[in-house]
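What follows is one structure encoded as structure tokens, with my remarks underneath.
The values are calculated or read from the model by the stated rules, or taken from the named source; none is laboratory data. All figures in this text were calculated on a predicted structure; none of them were measured in a lab. Note that each Cβ is placed from the backbone with ideal geometry, even for glycine, and that neighbours are counted across all protein chains shown. Accessible surface is based on the protein model in full, side chains and every heavy atom, while ligands, DNA and RNA are left aside. Shrake-Rupley method; radii C 1.70, N 1.55, O 1.52, S 1.80 Å.
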Amino acid sequence: MTAAAGAIRTQVAIVGAGPAGLLLARLLDDAGIESVVIENRGRDYVEKRIRAGLLEQGTVELLERAGVAGRLHEEGIVHHGIHLQFDGERHRVALSDLAGGRTITIYGQTEIVKDLIGRRLDDGLPLLFEVDEVALEGIETATPRVRFLHAGARREIECDVIAGCDGFHGVCRPAIAKHLQFFSRDYPLGWLGILAAVAPSSDELVYAHHERGFALLTLRSPELSRLYIQCAPDERIEEWPDARIWEELQARVALDGWSLAEGPVLEKGITGMRSFVSEPMQHGRLFLAGDAAHIVPPTGAKGLNLAVADVALLAAALVEWFGSADDTGLRHYSAACLARVWRAEHFSYWMTSMLHTFGDPFEQRLQLAQLRYVVSSEAAARTLAENYVGLAGSRLGGADIDGAARRVGPISVPR
Ligand SMILES: Cc1cc2nc3c(=O)[nH]c(=O)nc-3n(C[C@H](O)[C@H](O)[C@H](O)COP(=O)(O)OP(=O)(O)OC[C@H]3O[C@@H](n4cnc5c(N)ncnc54)[C@H](O)[C@@H]3O)c2cc1C
């Protein structure tokens, strides 16, 4: 990074210090490419924001390659299966047996973010928190710029490329909205999630279909449980005292001979559900990655994993471009990402539709028929398993993404 007359000059300006932006910066640094990351929140807020916690094997492997998996390997919990519960019975889906030995790992998104921020600051690389009034300019030129306010001063980054990693509510996607097409679905569903200081009552995740509404038992560590119940998207958290949450959880996951342990609630919140995709994920010299470009309902645990998959492709394309002026990867970036995104969108939509209560008895009978099929047919269980552990390295990991990219065709990058 060099500064001249108040401007910062770098190769890649990265807007947003969530998992997508921070991991992209790490991957670029490994390849000797300079970047500046700007984030509108404070470090403390970003490091404490409780979100995803389930990593596909491909995500773990990428974090290893990025040199930030030390703590993940010490503290992450590897799982080989999940449980589906319905009609008063719990059925195990043996993910690893069904999906070629692949596993999932439980490790909080907050921990990944802490690891990446720690590494960036240890490396002495630029990461500016609490920026404000972020605006993008010159996106259709070879010299895009990012203007912002930081510590009371107006700043500007001059760069070759902007990476829009600023999540669903950021400024990057709106800056190119007129060049994009949006596809979305809102669900009449919310998830009320709690983090509780109690050892998980099940050693693997439990997805429970129940007439009172869906419930999910998951965890963050051997001492911390993460639990969710379906609610309406517009409910207020004040209407949910802890005792009511536990009562509802107990009713929805009850099973003969098993009990759910309760503990102090450390954090709670309600999130609405939506599916959203922006096509394409690029305009000019601005490339969108992660939640800035797409949202999935959390039932398939794909949001974080998709963000990581995007930046793996974007980093590789940028390395190629800066290294040898070959823009093939950049031109195909959007189509390559979207092939995976739409597969994950479908899986997340399918899991959401199968497991939640919509108050329609016909729908409920269809759901039960589908759940019985998944736990009794190896082919159906395999479909769930291979999507759940992630398709990286299998059918949508390599050749098919290239194929999809060729079919959609390249997008130009301003020279
Ligand atoms: C409440 C909640 C619960 C979730 N639970 C799950 C789950 O259980 N499983 C799962 O797989 N996924 C879950 N997700 C989704 C998952 O967390 C996201 O897919 C993931 O965070 C995407 O990472 P990202 O880096 O693309 O975006 P984000 O994590 O949203 O990061 C974007 C960053 O950009 C910053 N930013 C925004 N605007 C600006 C601006 N103008 N200038 C600079 N910076 C800006 C934000 O502060 C943020 O730090 C959840 C999401 C939410 C909101």
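So which residues in the stretch 101-134 are in a strand (DSSP E or B), more than 10 Å from the ligand (Cβ to nearest atom) and either without any contact (Cβ under 8 Å) to a residue 24 or more places away in the chain or under 21 Å from S221 (Cα atoms) (or both), if there are any at all? Hits for the stretch 101-134 are I104, T105, I106.
In this structure, is S278 at pLDDT below 95 and more than 27 Å from P222 (Cβ to Cβ)?
Criteria not met by S278.
Among the residues making up the stretch 312-342, a single one is surrounded by fewer than 18 Cβ atoms within 10 Å (Cβ to Cβ) and under 30 Å from L371 (Cβ atoms): W342.
Exactly one residue among A307, A315 is within 9 Å of the ligand (Cβ to nearest atom), under 27 Å from K178 (Cα atoms), assigned to a helix (DSSP H, G or I) and of a type outside the set (S, T, Y), and that residue is A307. Evaluating I82 against the criteria (1) of a type in the set (V, I, T); (2) crowded, with 21+ Cβ neighbours inside 10 Å; (3) more than 16 Å from the ligand (Cβ to nearest atom) leaves one unmet condition, (3). Taken over the stretch 38-47, the criterion of being surrounded by 12 or more Cβ atoms within 10 Å (Cβ to Cβ) and more than 9 Å from the ligand (Cβ to nearest atom) is satisfied by R43, E47.
Table: residues versus (1) over 19 Å from the mean Cα position of the chain (by Cα); (2) within 14 Å of the ligand (Cβ to nearest atom); (3) hydroxyl-bearing (S, T, Y).
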| site | (1), (2), (3) |
| --- | --- |
| L149 | yes, yes, no |
| G167 | no, yes, no |
| F182 | no, no, no |
| D186 | no, no, no |
| L192 | no, yes, no |
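Which residues, counting only those in the stretch 167-202, are assigned to a loop (DSSP other than H, G, I, E, B) and open to solvent by less than 30 Å² (accessible area, probe 1.4 Å)? G167, G170, I176, L180, V198, S202 - these are the residues of the stretch 167-202 that are assigned to a loop (DSSP other than H, G, I, E, B) and open to solvent by less than 30 Å² (accessible area, probe 1.4 Å). Here the condition is being of a type in the set (K, R) and either part of a strand (DSSP E or B) or within 13 Å of the ligand (Cβ to nearest atom) (or both); of R212, R226, it holds for R226 alone. The condition (being surrounded by fewer than 20 Cβ atoms within 10 Å (Cβ to Cβ) and free of Cβ contacts under 8 Å to residues at least 40 places away in the same chain) is satisfied by just one residue among E137, E158: E137.
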